[in-house]
Amino acid sequence: MTFFARHWSTYRRVLDNDLMEHRALTAAVGKTIEAWLSRRDPRAPAPHLVDLGCGDLSLLPPLLRRLPLASFTGLDMNAAVLPLAAEALGPVPFPCRFLEGDLLAWAEAAPEPEQPPVDLLISSFAIHHLEGADKGRFLAGCRRRLAPGGLLLWADVFREPGESRDTYVARYSARVQGWEPLEPERRQEVIAHLSQWDHPAERELIEQEAQAAGWDWRWAWQGRHRAEALAVLRPG
Ligand SMILES: C[S@@+](CC[C@H](N)C(=O)[O-])C[C@H]1O[C@@H](n2cnc3c(N)ncnc32)[C@H](O)[C@@H]1O
């Protein structure tokens, strides 16, 4: 098995056993989008949706299939996941694109000529890979790229107010030790991965940064472990 295949099969098992609460999180994403749609002017054109760090789309396909979208774009830096995402979504009555790319570069790029403005931006468990000032740059870029009246749905892991990265990594690693559906070897791989790559935003600081970048911030859902959460950002 390649490194990618092993890593991805572990992540699928995390999902299938709901170890990161994808089910409740995806339900909250659906509720948020449906409420947003119901408040829109019925004459408004159908929305364009972009998923940044889409992976294989996780649990989103049933929701995406029932949304009245004008288009869907999934972007991921790992080209190997894009065919998995396309297959998971299956046939839909709106145009879809699956692009290899970096989410920060996308946020900071000028909108593509001839591409319509984006109304709904979703990013799930990807932004925490950005380090230092990059999350702020990402938020400022997305603010420029989102159409007026649009939404950014940021589903991710976050640190508690005042919590250091080391403390967060230690408590999340202790939680992973209890993930019985994974063999001990796989649990160690998850811990090694998160210890190296995860840089969750600290809740209060990122909220302030988002506000400075012109966003209104609302917590739409909180998981049971003081880590997973859904933030909904609207242009302020
Ligand atoms: C943990 S998976 C999440 C996949 C899916 N969104 C979900 O919620 O299950 C993280 C995904 O983000 C992608 N990713 C991480 N950093 C990225 C970046 N800077 N630009 C684009 N994709 C990125 C990874 O390749 C991976 O597919």
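Here are some notes:
- Annotation for N17 and A79: the two label points, set 7 Å from Cα along the Cα-Cβ direction, are 3.4 nm apart.
- Principal-axis tilt of helix 134-145 within the chain, Cα atoms, nearest 10 degrees: 20 degrees
- FRET E, pair A192, R137, Förster distance 22 Å, beta-carbon r, rounded to 0.05: 0.20
- Taking the accessible area of the chain, probe 1.4 Å, and keeping the other protein chains in place, the carbon and sulfur fraction comes to 56%.
- Rounded to whole Hz, the Karplus (6.51, -1.76, 1.60) HN-Hα couplings of segment 188-205, x for glycine and proline: 4, 5, 4, 5, 4, 5, 5, 5, 8, 10, 8, 9, x, 5, 7, 3, 6, 5
- Percent of C-alpha pairs per 5 Å bin in segment 3-235, short distances first: 1, 6, 14, 19, 20, 18, 12, 6, 2, 1, 0.
- Between S38 and E185, the C-beta separation translates, for a Förster distance of 45 Å, into a calculated FRET efficiency of about 0.45.
- The heavy atoms of H48 present about 40 square angstrom of accessible area, all protein chains included, probe 1.4 Å.
- Rounded Å value of the spacing that divides the Cα centres of segment 170-236 and segment 1-45: 15 Å
- GNM remark for the chain: springs join alpha carbons under 10 Å apart, and the peak mean-square fluctuation among Q211, Q115, Q188 falls on Q115.
- Helical content of the chain, expressed as a calculated mean residue ellipticity at 222 nm, amounts to -13000 deg cm²/dmol (DSSP H runs of 4 or more residues, -39,500 (n - 2.57) each, divided by residue number, nearest 500).
- Accessible area per residue, Å², segment 3-235 with all protein chains present, probe 1.4 Å: 47 Å²
- Exposure of Y11 as accessible area (Å², to 10), given a probe of 1.4 Å and all protein chains: 50 Å²
- The heavy atoms of E21 offer some 10 square angstrom of accessible surface to a 1.4 angstrom probe.
- The chain, relative contact order [Cα under 8 Å, separation at least 6], %: 20 percent
- DSSP bridge analysis restricted to segment 3-235 gives an antiparallel fraction near 40%, rounded to the nearest 5.
- When the alpha carbon coordinates of segment 46-128 are projected onto the principal axes, the ranges are 30, 27, 19 Å, largest first.
- HN-Hα J in Hz across segment 42-53 - Karplus 6.51, -1.76, 1.60, θ = phi - 60°, x for Gly and Pro: x, 8, 5, x, 4, x, 9, 10, 10, 10, 9, x
- Top positive-direction residue, dipole computed over segment 1-157 with Cβ charges, set P111, P45, P61: P45
- Modelled label positions at R165 and R6, each set 7 Å beyond Cα in the direction of Cβ, lie 2.5 nm from each other.
The values are calculated or read from the model by the stated rules, or taken from the named source; none is laboratory data. All values reported here derive from a predicted model rather than from experimental measurement. Quick reminder, even Gly has a Cβ in these numbers, built from the backbone with ideal geometry, and neighbours come from all protein chains shown. With ligands, DNA and RNA removed, areas are computed over all heavy atoms of the protein, side chains included. Shrake-Rupley method; radii C 1.70, N 1.55, O 1.52, S 1.80 Å.
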